[in-house]
Amino acid sequence: MKALDALLVEPYLSGSHRAWAEGWAATSGHRAVVVGHAGTAWRWRMTGAAVTMAGLLEDHARRRGLPDALVVSDMIDLAGLRGLLGPRWAPVPAVLYLHEDQLTQPVGPNGHGGDRRLAWVNWTSALAADEVWVNSAWHLGRFTDALGPFLASAPDHRHDHLLGSVAARCRVVPVGADLRQLLAVDRSTPATSGPGGPLVLWNHRWDHDKGVDRFLVSARSLAAEGVPFRLALLGEDRHHDPGRWGPDLAPLADRVEVRGRLDRTDYEAVLALADVVVAAARQENFGLSVVEAVAAGCVPVVPDTCSYPEVVPDPAARYPQGRLTTALRAALDDLPSRRAALGPVRSHVAGYDWGRVAPVADALLADVVARGRRDPTLGT
């Protein structure tokens, strides 16, 4: 396979978006370069980044020539970007990568989520893309199912005739992860709880869509029962308010061993010590944090919905809606046997290491380039 010059355009270099762009660039067999902005003000990125990114891409092209392909995240208006770049860039194919989409984003308690204006950006970006890559089959199904009702809300001149074309250009391409050090963690000896009980890990964003409120309710319930466990509360709190969860955490204060966002080395060290990883998301399109924790040997307790059946194929590790407390209690009570049965799931998540994902993504991108830029007209 001939090495390509590819630009990975990510206006939101934070969290899983940054891990995706920088991880693929570092492991790709292509000459992949990340062009991005800081991971802040995501709504502004979706509406305004096409202007500034067009300037950065033009600068890059003046120095190094046009790339063979663009791969852009859902945090940019691809249709606007193509228009701003102009006819010189017209032959360059573009892949849209959907980490999430605004058609299916759940509405939080503050009323945010599912922004229809930004959903139109997702739709026109998909129209402008030569292929649309989606991070899980669950996400792909949700996205394509939502498009029909979404387009039906238009007052006239609806775009229904374009649905089939977009759906035909969609494919599942999972996010990769750097799992080498985590998979090397030796969990062959029987699990032994430290003082205070097993270490329960939360390593997701502290937001409504990740279900942090659900997790804290269950943790408080088990603490009130006297169930022994300790807590590692990691992940990013984008609200930057240390006291926001104060009342919810007060009954758990003596169980918290570590809290906050850690650098990569310290983060992996905590994962290597944790016994159980918990997820409670209302929406999860891939589940990178669970993949990382399971790779390190943590026993998963995750919902039986969203993308979790794809990344955690063991039904015994998943719980139905509203049964988190029961599932976590059971895992803590039966930790040695849960750990003993973890091998197949751990082997499964090893498939998400960049060493396996990057060659697949590289080959798919080469196929897009070989086919060339599709006809950009929007006729029937």
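Where a number appears in this text, it was derived from the coordinates with a stated rule and is not lab data. The model shown is predicted, which means the values in this text are computed figures rather than measured ones. We place every Cβ from the backbone using ideal geometry, glycine too, and count neighbours over all the protein chains shown.
Figures for the structure shown
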quantity: Share antiparallel - DSSP beta bridges, the stretch 180-352, percent rounded to 5; calculated: 5
quantity: Farthest positive-ward along the chain dipole, Cα basis, beta-carbon charges - from GLY80, THR305, GLY287; calculated: GLY80
quantity: Euclidean distance of C-alpha centroids, the stretch 220-239 and the stretch 318-339, integer Å; calculated: 15
quantity: Estimated inter-spin distance, ARG261 and ARG371, nm [label 7 Å along Cα→Cβ]; calculated: 3.6
quantity: Potential lengthening between ALA330 and HIS157 on full extension [0.36 nm per residue; Cα-Cα distance subtracted]; calculated: 56.9 nm
quantity: Cleavage-rule hits, trypsin sites (Lys or Arg not before Pro), the stretch 1-103, DSSP coil, Cβ neighbours within 10 Å at most 11; calculated: LYS2
quantity: Prolate/oblate/rounded call for the stretch 180-352, Cα gyration tensor, a/c under 1.5 rounded; calculated: rounded
quantity: Ellipticity estimate at 222 nm from DSSP helix runs (n ≥ 4, -39,500 (n - 2.57)) divided over the chain, nearest 500; calculated: -13000 deg cm²/dmol
quantity: Global geometry of the stretch 1-102, whether rounded, prolate or oblate, following the gyration tensor of its Cα atoms and the 1.5 cut on a/c; calculated: oblate
quantity: Rel. contact order, % - alpha carbon contacts under 8 angstrom, at least six apart, the chain; calculated: 17
quantity: The stretch 180-352: relative contact order as a whole-number percent, Cα under 8 Å and 6+ apart; calculated: 26
quantity: The stretch 196-278: trypsin sites (Lys or Arg not before Pro) in DSSP coil with no more than 16 other Cβ atoms inside 10 Å; calculated: ARG238, ARG244, ARG261
quantity: Gain on full stretching of the segment that runs from ALA61 to ARG180 - 0.36 nm per residue minus C-alpha separation; calculated: 39.4 nm
quantity: Global geometry of the chain, whether rounded, prolate or oblate, following the gyration tensor of its Cα atoms and the 1.5 cut on a/c; calculated: prolate
